[in-house]
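For reference, the structure discussed in these notes is given below.
Any read-out appearing in this document is the output of simple, stated calculations on the displayed coordinates, not a laboratory observation. Remember, predicted model here, so these are calculated numbers, not experimental data. Heads up, the Cβs are rebuilt from the backbone with ideal geometry, glycines too, and the neighbour counts pull from every protein chain shown.
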Amino acid sequence: MIKRVQAWLSRKDRQEEQPVEISPDNIPRHVAVIMDGNGRWAKRRGLPRIVGHQNGMKAVKRATIAANDLGVEFLTMYAFSTENWKRPKDEVDFLMRLPVEFLALELDELIEKNVQVRVMGDSNALPNHTRKAMEEAVERTKHNTGLILNFALNYGSRKEIEDCMRELGNDIKAGRLSPEEITSELIDSRLLSGGLPDPDLLIRTSGEMRLSNFMLWQIAYSELWFTDVYWPEFDKSHLLQAVAEYQRRTRRYGGL
Ligand SMILES: Cc1cc(N2CCCCCC2)n2ncc(-c3ccc(F)cc3)c2n1
């Protein structure tokens, strides 16, 4: 029984709208998002880049609520990569304050929606105020049982894999592990995403079609969906479009 979700898509140029059909029987458990286009969204409007990041943060809450309502169980958002440190200092300083702003402006509504916040990445290298805000968001939502909102912050997949290999090598050297015991399940458990299922669907906004060192091991079998929409414009209609395409691609007609 296809539950018809009349979600009117407003395409970027708003010239065309189309209904979207979503089946409740094949909702992706884990959706991962590369939230790109915040600076370009602002530039197109003659606004400072930081306004793009601020609006991007509002899109995080919007997308989280939409995903939670749809029945998505895990939502991983690429908030700051290990490569982002190369950006101008004033922009990095602003970005490092966004978790604090998120805590003040957005978290209460997500707590009402029973959302649990997790973080993955090297938090030791973050400023104290950033790390404390993240720890508070995790602490204040740790008993929630709804959608798990997983922020990748100061995250890089190659560093994650390198650190995992080093840890396994040390375990072998210490006699705690034999090489024959290394399986993909063991590696899954040792990565920063340990405990989460692999993403079923990876979304990247703003028209870029790169993986940008994001969850390279975990997305081995993920459906990739790219949109020209800039992240600050992303809303429920775009999530539904991505999930509808995911369902078209993964339709099994009862077969394997
Ligand atoms: C660094 C950064 C950038 C950031 N952007 C807003 C979204 C667009 C992409 C980049 C900018 N957002 N959005 C939410 C957070 C966040 C992270 C951890 C946490 F526990 C609570 C909130 C965030 N963190």
If you average 1/r over all unlike Cα pairs in the chain and invert the result, what Kirkwood radius do you get in angstrom? 19.4 Å
In the Gaussian network model of the chain, springs joining C-alpha atoms below 10 Å, which of E160, E180, E112 carries the largest mean-square fluctuation? E180
Please give every one of the lysines within straight-line cross-link reach of K113, meaning a C-alpha to C-alpha distance under 23 Å, and leave out same-chain neighbours fewer than 8 residues apart. K3, K58, K61, K132, K142, K236
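Given the -39500 (n - 2.57) contribution per DSSP H run of 4+ residues, what per-residue ellipticity at 222 nm results for the chain, rounded to the nearest 500 deg cm²/dmol?
On the way: 9 runs with 102 residues, N = 256.
Helices in the chain give a 222 nm mean residue ellipticity of -12000 deg cm²/dmol.
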Magnitude of the Cβ-charge dipole (Lys and Arg +1, Asp and Glu -1) of the chain about the Cα centre, nearest 20 debye, reported as 640 debye
Most fluctuating residue of A220, A66, A79 in a GNM of the chain with Cα springs under 10 Å: which is it? A220
The extension gain from W85 to L177, computed as 0.36 nm times the residue separation minus the Cα-Cα distance, is 29.6 nm
I need two numbers for segment 106-256: Rg to one decimal and Dmax as a whole number, Cα atoms only, in Å. 18.1, 53
Given a 10 angstrom Cα cut-off, can you work out which residue in N38, N26, N68 is the most mobile in a GNM of the chain? N26
DSSP beta bridges in the chain: the antiparallel percent, rounded to 5, is 0 percent
Which translational diffusion coefficient, to the nearest whole µm²/s, is obtained for segment 17-137 from the Stokes-Einstein equation, given a Kirkwood hydrodynamic radius over C-alpha pairs, 20 °C and 1.002 mPa s? 135 µm²/s
